[in-house]
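Peer 1: Got a structure for you, questions after.
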Amino acid sequence: MQNKNTLNYLKLQKLFSVILLFISVFYLGYYLGVSGIDIRIGLKPVSVAVNNKIPTKKIDFQKFWNAWDATTKGKDTATVSKIYYTSILGMVQSLGDPYTSFLTPDVNKSFGDALGGKYEGIGAELGLKDNKLIIVAPLDGSPAKAAGVRSGDLIIKIDGVSTTGISVSDAVVKIKGPAGTNVTLTLQTGSEIPRDVTITRSVISVPSVTWEDKGNGIVYIRISRFGTETNKEWDNAVIEINNKMKELNSIIIDVRGNPGGYLESAVHVSEEFFTGKPVVYEENATGEQIPLVAKRIGSFDKIPAVFVLVDEGSASASEILAAALRDNFGAKLIGTKTFGKGTIQDAKDFSDGSGLHITIAKWLTPKKQWINKVGLQPDVQVSITEGDITADKDPQLDKAIELAKKI
């Protein structure tokens with residue numbers, strides 16, 4: 001019998017090649033990155049200008065302060081606050097990097113809640129493809145998923161208003177809202193006729209790691225994101241597996257539709273399988289390649305076989321884990337080509353609750369490949385058809401189990 005969560009995932013997900021921007025309910029599509037963000041923990045401080053006495057020989061900041069005085073004169077506190085944050089957003093967005101982002105306090109809070117598995121909204125990953133707003137994937141256990149929202153759906157309208165030219169962050173503002181309220185999205189799947197889908201927002205709390213005994217010494221582990229609780233949830237799952245499984249011959253790790261999150265979590269999971277080898281390389285602006293080496297001694301290093309389920313929604317930290325297990329442990333990737341996101345963001349929280357994410361490096365696989373906009377090709381190509389979805393079939397998981405039984 002198939003895992004219920006997996007079946008629900010497949011029933012409502014139609015695979016589609018996208019440029020990924022991870023969103024939970026609020027602004028996360030923009031801020032977790034076009035794939036999710038590979039966020040580094042333990043970060044450098046970021047300087048903030050607090051007055052107009054900024055030492056520089058190249059730029060005259062007086063123009064900025066003149067504009068500030070002109071635009072804020074006579075405005076109320078709320079408007080001045082909006083101008084302030086918008087000016088910072090404009091500065092950051094001028095870099096043209098979708099992963100370098102400034103998060104206002106409410107956005108930053110939503111970002112943290114989402115990484116912790118707490119969502120209030122529709123629960124979907126948004127993205128842009130050819131400047132068109134799309135659904136990357138509905139999140140596990142979300143209202144979007146229950147409403148039949150599919151990966152790859154174009155969002156034509158939000159509450160009847162066209163999304164032409166809209167940014168992801170603006171779209172999230174329109175889609176977000178308190179639990180119990182509704183939002184209507186006009187969606188189009190492929191060349192089908194657009195349809196209206198009304199979704200009731202809710203509070204969603206979803207664990208990032210779940211597992212199931214598939215019999216014959218085969219364990220299936222689902223990782224839906226690499227968030228603040230992932231390391232703890234992973235460790236608890238490992239303890240349960242070791243306590244409950246009399247024999248353990250193969251592990252299937254499912255990161256389909258997982259848009260990423262904390263880089264350190266991908267490293268932590270990788271360390272369960274090997275140590276003393278690079279999980280990933282960070283390449284800085286000077287071209288120096290610094291390995292993040294697995295140091296923790298895990299309990300799965302003697303497992304005969306590991307299979308990793310991937311698809312177009314597997315991005316950033318998911319790709320780091322998949323490549324690390326493939327290159328260092330001989331894991332087989334099963335499914336379809338991954339998204340392809342290969343940059344790392346530095347993060348800083350400010351005292352007012354806002355935050356800043358800045359791209360600081362590329363990341364490379366253990367074989368020093370940069371997969372940005374390329375993705376990882378599966379060792380075993382298996383697609384999922386509309387017929388499979390309708391019939392609640394999961395040929396990718398079935399193939400992994402089939403191969404695991406041969407070990």
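Peer 1: For segment 191-198, state whether one or more residues are out of contact with any strand residue (DSSP E or B) (no Cβ under 9 Å at 6 or more places or on another chain), assigned by TED's automatic domain parsing to the domain that holds L263 and acidic (D, E). Break it down stepwise before answering.
Peer 2: Pass one, segment 191-198, residues out of contact with any strand residue (DSSP E or B) (no Cβ under 9 Å at 6 or more places or on another chain): 191-193.
After this cut, where a residue has to be assigned by TED's automatic domain parsing to the domain that holds L263 as well, the list is none.
Checking segment 191-198: not a single residue is out of contact with any strand residue (DSSP E or B) (no Cβ under 9 Å at 6 or more places or on another chain), assigned by TED's automatic domain parsing to the domain that holds L263 and acidic (D, E).
Peer 1: Which one of I320, I358 is more than 27 Å from E272 (Cα to Cα), crowded, with 18+ Cβ neighbours inside 10 Å, of a type in the set (V, I, T) and touching a helix residue (DSSP H, G or I) at 6+ places or on another chain (Cβ under 9 Å)?
Peer 2: Working: I320 fails: more than 27 Å from E272 (Cα to Cα).
Going through I320, I358 in turn, just one is more than 27 Å from E272 (Cα to Cα), crowded, with 18+ Cβ neighbours inside 10 Å, of a type in the set (V, I, T) and touching a helix residue (DSSP H, G or I) at 6+ places or on another chain (Cβ under 9 Å): I358.
Peer 1: How many residues, within segment 174-218, are over 24 Å from the mean Cα position of the chain (by Cα) and more than 27 Å from S110 (Cβ to Cβ)?
Peer 2: So the answer is 11.
Peer 1: Moving on to the next point. Quick one: how many residues across segment 131-144 are buried (at least 21 other Cβ atoms within 10 Å of the Cβ) and at pLDDT below 90?
Peer 2: From segment 131-144, those buried (at least 21 other Cβ atoms within 10 Å of the Cβ) are 133-140, 142-144; that's our starting set.
Remaining after also requiring at pLDDT below 90: 136-140, 142.
Count: 6.
Peer 1: Here are some residues: G177, G160. Which one is surrounded by fewer than 19 Cβ atoms within 10 Å (Cβ to Cβ) and either touching a Gly at 6+ places or on another chain (Cβ under 7 Å) or within 20 Å of K341 (Cβ to Cβ) (or both)?
Peer 2: On the way: G160 fails: either touching a Gly at 6+ places or on another chain (Cβ under 7 Å) or within 20 Å of K341 (Cβ to Cβ) (or both).
Within the list G177, G160, the selection yields G177.
Peer 1: Among strands (runs of 3 or more DSSP E) lying entirely in segment 315-396, which contain 1 or more residues that are of a type in the set (A, V, I, L, M, F, W, C) and farther than 26 Å from L126 by Cβ? Please lay out each step first, then the result.
Peer 2: Working: elements: 332-335, 343-349, 355-364.
Passing ranges, in order: 332-335, 355-364.
Peer 1: Filter segment 106-164 down to the residues that are in contact with a Phe, Trp or Tyr (Cβ under 9 Å, 6 or more places away or on another chain) and of a type in the set (D, E) and list them by number.
Peer 2: D106, D113, E120, E125, D140, D153
Peer 1: Scan segment 54-72 and tell me whether some residue there is under 27 Å from the mean Cα position of the chain (by Cα), outside any helix (DSSP H, G or I) and modelled with pLDDT under 85.
Peer 2: Taking segment 54-72 and keeping what is under 27 Å from the mean Cα position of the chain (by Cα), we get none.
No, segment 54-72 has no match at all.
Peer 1: Counting only residues that are small (G, A, S) and out of contact with any His (no Cβ under 9 Å at 6 or more places or on another chain), give me the strands (runs of 3 or more DSSP E) lying completely in segment 119-206 with at least 1 of them.
Peer 2: On the way: elements: 124-129, 132-138, 154-158, 182-188, 195-200, 202-205.
Answer list for segment 119-206: 124-129, 132-138, 202-205.
Peer 1: Counting residues that are buried (at least 17 other Cβ atoms within 10 Å of the Cβ), touching a Ser or Thr at 6+ places or on another chain (Cβ under 8 Å) and not aromatic (F, W, Y), which strands (runs of 3 or more DSSP E) fully inside segment 217-300 reach at least 1? Walk me through how you get there before you give the answer.
Peer 2: Working: elements: 218-223, 250-254, 278-283, 289-293.
Because the criterion is at least 1 residues that are buried (at least 17 other Cβ atoms within 10 Å of the Cβ), touching a Ser or Thr at 6+ places or on another chain (Cβ under 8 Å) and not aromatic (F, W, Y), the strands (runs of 3 or more DSSP E) in segment 217-300 that meet it are 218-223, 250-254, 278-283.
Peer 1: Take segment 101-118 and flag every residue that is in a loop (DSSP other than H, G, I, E, B) and polar (S, T, N, Q).
Peer 2: Step one: of segment 101-118, the residues in a loop (DSSP other than H, G, I, E, B) are 104, 116-117.
The one that is in a loop (DSSP other than H, G, I, E, B) and polar (S, T, N, Q): T104.
Peer 1: Let me ask something else. Identify, please: which residue in segment 336-352 is surrounded by fewer than 20 Cβ atoms within 10 Å (Cβ to Cβ) and over 19 Å from T100 (Cβ atoms) and is, among those, modelled with the highest pLDDT?
Peer 2: Quick first cut of segment 336-352, residues surrounded by fewer than 20 Cβ atoms within 10 Å (Cβ to Cβ) only: 337, 346, 348-352.
Those still in the list that are over 19 Å from T100 (Cβ atoms) too: 337, 351-352.
Details: K337: 96, S351: 91, D352: 91.
Once the filter is applied, the top-ranked residue is K337.
Residues checked against (1) among the hydrophobic types (A, V, I, L, M, F, W, C); (2) touching a helix residue (DSSP H, G or I) at 6+ places or on another chain (Cβ under 9 Å); (3) under 19 Å from N258 (Cβ atoms):
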{"residue": "A114", "(1), (2), (3)": "yes, yes, yes"}
{"residue": "L126", "(1), (2), (3)": "yes, yes, yes"}
{"residue": "K132", "(1), (2), (3)": "no, no, no"}
{"residue": "G148", "(1), (2), (3)": "no, yes, no"}
{"residue": "L154", "(1), (2), (3)": "yes, no, no"}
{"residue": "K157", "(1), (2), (3)": "no, no, no"}
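The values are calculated or read from the model by the stated rules, or taken from the named source; none is laboratory data. Remember, predicted model here, so these are calculated numbers, not experimental data. FYI the Cβ positions are ideal-geometry reconstructions off the backbone, even for glycines, and counts take in every protein chain you see.
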